Amino acid sequence: MTKQSILSRLMGYAGTHKILTYLSWALSAISALLALVPFWYIWRIIHDVLEVSPDFSQAQNVTRYGWSAVVFAIISIVIYIAALMCSHVSAFRVAANIRKELMRHITALPLGVTERYGSGKLRRIVNTSSAATETYLAHRLPDKAGAIVTPIGLLVLLLAFDWRLGLLSLVPVALGFLIMIKMTGKSMEEKMKQYQNALSDMSNEAVEYVRGVPVVKTFGQTIFSFKRFKATIDHYETWVIAYTKGLRLPMLAYTTAINGVFAFLIAGGILFTRDGVTKELLLNLIFYIVITPVIGTTLTKIMFMSEDSMIVSDAISRIDEVMKESPLSESRVNNVPSDNSIILEHVSYSYDGEKNALNDVSLSIRPEQVVALVGASGGGKTTLANLVTRFFDPGQGRVLIGNVDVRDIPKETLMDTVSFVFQNSRLIKASILENVRMGKPAATREEIAHALQAAQCMDIIEKLPDGIDTVVGTNGVYLSGGEQQRIAIARAILKNAPILILDEATAFADPDNEVRVQAALSTLSKGKTVIMIAHRLSSITDADCIYVLQDGSIAESGTHSELIGKNGVFSRMWKNYSESAEWKIAKEVNA
């Protein structure tokens, strides 16, 4: 991807603000040229001082030239500030539009895709990659315009007064430029990509580690759980140290070259004064010593621009990587399911394209039937439920709701048809009222209060300082896992969708909360088609049908009594569950 194509991509996000980007370049170039004018006045000051030396009181124009230099310097700064204001307005619009488009696209992606990336990596792409484009447009491109015209103006100044000293000044510049090209070539572009990969991996593992801290502390697995996170830190450390050591000699040579211009000028001065020192040569030598540091500053700017160009190129490629992920197709026809039945026809699905999480699964759930999915972890229970809610589409086969393929049901209609309560339901940082209202945006306070009461949440509301208007996550207001689950159930009750999916809804509830959650679920499940995912087998004994999933396939199905009678997989699971439920801790009391 070329720089021009990167710029074209970024300008596509700028809309009408792109004119401000181009204006910032023009203003920055004008500012850079005006910034060289004070050096001419400095030359005039030195000239007048040398002309009247040693009687410096005869230098009549020094004050006028000095103030003229100050005025042009101020004008240059003001114009540069205006350039940055233009570039920042455009850059902020580009970064904002990139984030909006990314988030719109991410929300349309299958859940399996977002899980594959990880929340840490996606967050970094959305925030850091868009921020990289802001830095590039707001600072580097205006500076680039100035850096292009500055050497042109410098070249005129260097050759105008004494072409011999001017050429000597350009020798270290040429050496520094060659070294800079060596440092910022194709290898640097690959190194920058590796650097961003290391940062992304470390960020992703940091997020996952922090999320798992409660489990880590509970089971005392601090060192073991830290292993993957530490591995990414160690990898980053190893890479950065090796990269830094690799740049030691080139950076030393570059710094020596651009700062070695004085050595060339002094050598030239000695060479050119063999026949005596003239005021003109002394004037030009002093002037060149004053102006040449600008060369090093300009070259360093160009080097950092090259680095930032690589950073933004990598940012764009990461943004494109996400944008190329295919979202779920949307039906343009409002196909409404005829009833609340659910049918899976030869459904298979794979997360990685290799091993199937579900393999040729077929089942039929009648309207208002309560079914349970059981089996060992990794058997495909949650995957099956996610296909019904269309968090992703099956690789093969069809999922039908009311005899309509879920892919042919508009997203809004499908979401109105299916409710789900996960084992780790989360609340947003908003009031209880707004959290529940997410289930039905047009709901009144009375409807929300009724849903909270039906979900056994009144004890929660009564202890909160502002009742249902209390904002969760602020001023020390936090809810336990079981309490959050009941609020999530209230949301589902308010939504009142005809199909309900419960994924280990009581997993994180304490005994008191579990009783309340079960009562709330009973209210929520009335008259609905229900799919329950459960490890507590005692909670699904009354299910109309139990499907036992094993390695992505249905091993057996039937009612609780029928499965016990088969003496198969479920029977063994029930036996193990019953034995574990009867375990007691015995304590021998010494007489």
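The values are calculated or read from the model by the stated rules, or taken from the named source; none is laboratory data. If you're wondering where the values come from, they're calculated on a predicted model, not measured in any experiment. Neighbour counts run over all protein chains shown; Cβ positions are idealised from the backbone, glycine included.
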Practice prompt. Report yes if G12 is surrounded by fewer than 17 Cβ atoms within 10 Å (Cβ to Cβ) and within 21 Å of V89 (Cα to Cα), otherwise no.
Written response: yes
Fill in: Some residue of the stretch 450-461 being under 18 Å from L502 (Cα atoms), touching a Ser or Thr at 6+ places or on another chain (Cβ under 9 Å) and hydrophobic (A, V, I, L, M, F, W, C)
yes
Practice prompt. Would you check which residues across the stretch 551-577 are out of contact with any Gly (no Cβ under 8 Å at 6 or more places or on another chain), at positive phi and either surrounded by 14 or more Cβ atoms within 10 Å (Cβ to Cβ) or not assigned by TED's automatic domain parsing to the domain that holds L363 (or both) and list them?
Written response: G558
Practice prompt. Mind telling me which of the residues T150, T128 ends up being touching a helix residue (DSSP H, G or I) at 6+ places or on another chain (Cβ under 6 Å) and assigned to a helix (DSSP H, G or I)?
Written response: T150
Discussion item. I'm checking my understanding of the structure. Among residues of the stretch 328-347 that are touching a Pro at 6+ places or on another chain (Cβ under 8 Å) and either closer than 23 Å to T114 by Cα or of a type in the set (S, T, N, Q) (or both), which one is surrounded by the fewest Cβ atoms within 10 Å (Cβ to Cβ)?
Written reply: N334
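Going by the conditions given, is G482 within 24 Å of D503 (Cα to Cα), in the same structural domain as V418 (by TED's automatic domain parsing) and part of a helix (DSSP H, G or I)? Give the steps one after another, and end with the answer.
Numbers: within 24 Å of D503 (Cα to Cα): yes; in the same structural domain as V418 (by TED's automatic domain parsing): yes; part of a helix (DSSP H, G or I): yes.
When the stated conditions are applied, G482 passes them.
This table checks each residue for (1) within 30 Å of I42 (Cβ to Cβ); (2) of a type in the set (S, T, Y); (3) modelled with pLDDT under 75; (4) assigned to a loop (DSSP other than H, G, I, E, B).
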site: L271; (1), (2), (3), (4): yes, no, yes, no
site: F287; (1), (2), (3), (4): yes, no, yes, no
site: T297; (1), (2), (3), (4): yes, yes, yes, no
site: K301; (1), (2), (3), (4): yes, no, yes, no
site: E307; (1), (2), (3), (4): no, no, yes, no
site: M310; (1), (2), (3), (4): no, no, yes, no
site: S317; (1), (2), (3), (4): no, yes, no, no
site: V322; (1), (2), (3), (4): no, no, no, no
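Can you name every residue in the stretch 406-444 that is basic (K, R) and in contact with a Leu (Cβ under 7 Å, 6 or more places away or on another chain)? Lay out the reasoning, then the answer.
Filtering the stretch 406-444 down to residues basic (K, R) leaves 407, 411, 426, 429, 437, 440.
Answer for the stretch 406-444, where residues must be basic (K, R) and in contact with a Leu (Cβ under 7 Å, 6 or more places away or on another chain): just K440.
This table checks each residue for (1) modelled with pLDDT of 90 or more; (2) among the small types (G, A, S); (3) under 19 Å from E504 (Cα atoms); (4) over 43 Å from the mean Cα position of the chain (by Cα).
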site	(1), (2), (3), (4)
M532	no, no, yes, no
L537	no, no, yes, no
D542	no, no, yes, yes
C545	yes, no, yes, no
T559	yes, no, no, yes
K566	no, no, no, yes
K575	no, no, no, yes
S580	no, yes, yes, yes
Response to the item:
When the stretch 65-84 is checked residue by residue, the ones that are without any contact (Cβ under 8 Å) to a residue 40 or more places away in the chain, surrounded by 13 or more Cβ atoms within 10 Å (Cβ to Cβ) and not β-branched (V, I, T) are Y65, G66, S68, A69, F72, A73
Response to the item:
Of those in the stretch 409-466 that are of a type in the set (V, I, T) and touching a strand residue (DSSP E or B) at 6+ places or on another chain (Cβ under 9 Å), the residue modelled with the lowest pLDDT is V421
Worksheet item: in contact (Cβ under 8 Å) with a residue 12 or more places away in the chain, touching a Leu at 6+ places or on another chain (Cβ under 6 Å) and assigned to a helix (DSSP H, G or I), is that true of I468?
Response: yes
Worksheet item: Mind checking whether some residue in the stretch 217-235 is within 18 Å of S119 (Cα to Cα), loosely packed, with under 13 Cβ neighbours inside 10 Å and modelled with pLDDT under 70?
Response: no
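Consider D405 carefully, then state whether it is of a type outside the set (K, R), over 26 Å from D542 (Cα atoms) and at pLDDT 90 or above.
Values: of a type outside the set (K, R): yes; over 26 Å from D542 (Cα atoms): yes; at pLDDT 90 or above: yes.
Answer is yes for this residue.
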Discussion item. I'm checking my understanding of the structure. Among residues of the stretch 353-367 that are modelled with pLDDT under 90 and charged (D, E, K, R), which one is farthest from S553 (Cα to Cα)?
Written reply: E354
Practice prompt. State whether the residues of the stretch 415-429 include one that is assigned by TED's automatic domain parsing to the domain that holds D503, more than 20 Å from L521 (Cβ to Cβ) and buried (at least 18 other Cβ atoms within 10 Å of the Cβ).
Written response: no
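Sort out which residues of the stretch 98-117 are without any contact (Cβ under 8 Å) to a residue 24 or more places away in the chain and either closer than 12 Å to P327 by Cβ or not assigned by TED's automatic domain parsing to the domain that holds A131 (or both), and write them in order of number.
So in the stretch 98-117, the residues without any contact (Cβ under 8 Å) to a residue 24 or more places away in the chain come out as 100, 103-104, 107, 114.
Residues satisfying the conditions are R104, T107, T114.
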Worksheet item: Pick from I489, I460: which is surrounded by 20 or more Cβ atoms within 10 Å (Cβ to Cβ) and within 30 Å of I365 (Cα to Cα)?
Response: I489
Discussion item. Please go through the stretch 349-394 and give me each residue that is over 27 Å from the mean Cα position of the chain (by Cα), buried (at least 17 other Cβ atoms within 10 Å of the Cβ) and small (G, A, S), ordered by number.
Written reply: A357, A372, G375, G379, G380, A385
Item to complete: Evaluate the following for L344: is it under 15 Å from L109 (Cβ atoms), in contact (Cβ under 8 Å) with a residue 40 or more places away in the chain and not acidic (D, E)?
Response: no
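May I ask you to say which residue of Q369, Q453 is under 27 Å from A534 (Cα atoms), free of Cβ contacts under 8 Å to residues at least 24 places away in the same chain and either in the same structural domain as D544 (by TED's automatic domain parsing) or not charged (D, E, K, R) (or both)?
Working: Q369 fails: free of Cβ contacts under 8 Å to residues at least 24 places away in the same chain.
Result: Q453 is the single residue among Q369, Q453 that is under 27 Å from A534 (Cα atoms), free of Cβ contacts under 8 Å to residues at least 24 places away in the same chain and either in the same structural domain as D544 (by TED's automatic domain parsing) or not charged (D, E, K, R) (or both).
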Worksheet item: Has the stretch 120-134 got any residue that is at pLDDT 80 or above, touching a Pro at 6+ places or on another chain (Cβ under 7 Å) and surrounded by fewer than 16 Cβ atoms within 10 Å (Cβ to Cβ)?
Response: no
